[in-house]
Each structure stands twice: as C-alpha cells, then as structure tokens.
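The values are calculated or read from the model by the stated rules, or taken from the named source; none is laboratory data. Bear in mind the structure is a predicted one, so any value in this text is a computation, not a measurement. With ideal geometry, Cβ positions are generated from the backbone for all residues, glycine too; neighbour counts draw on all protein chains shown.
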Amino acid sequence: MCHGDYIRFLVATEADPALRVALRRASRGLLTLGDLVDFAAGHGFRFTEADIPLAVAQPVACGTD
C-alpha cells in the first residue's frame with residue numbers, strides 16, 4: 001500500500017460524520033497502530049501500519065523545552 005491510502009482515510013474521517021462518530025466511539029480501544037488499521041479495514045479502507053507516518057503517531061512531550 002502507500003501513505004496515500006492512510007491520507008484518504010484521514011480525509012474521509014473529516015468528511016463523513018458517521019465515520020467520525022464511529023472513530024470517536026472506538027478511540028479508547030485503539031491502543032496500537034494495528035488497532036487503527038483494523039478499524040479502518042472494517043470501514044473499507046486498506047492500509048498497513050507501515051503506511052502510517054510514525055512521527056504522526058508519536059506522542060509529543062509537553063513542557064520539555
């Protein structure tokens with residue numbers, strides 16, 4: 001796959017209110033990138049963990065300046 005498939009998922013999440021609500025409801029159970037991939041697959045999107053830019057997935061430490 002490619003990063004484009006992941007980006008299409010992000011755009012669809014913003015554009016589709018039902019998908020946005022489903023993602024919000026599932027968010028507590030999405031603990032890994034694999035969980036997000038599985039959620040997306042359940043909604044017709046196909047990408048892998050490798051397609052998600054890891055810099056986006058990393059938490060940003062606050063107050064470490």
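Some points to look at:
- Looking only at the range 20-47, residues that are among the charged types (D, E, K, R) and in a loop (DSSP other than H, G, I, E, B) come to 1 in all.
- Complete set of residues in the range 1-33 that are at pLDDT 95 or above and under 15 Å from A50 (Cβ atoms): F9
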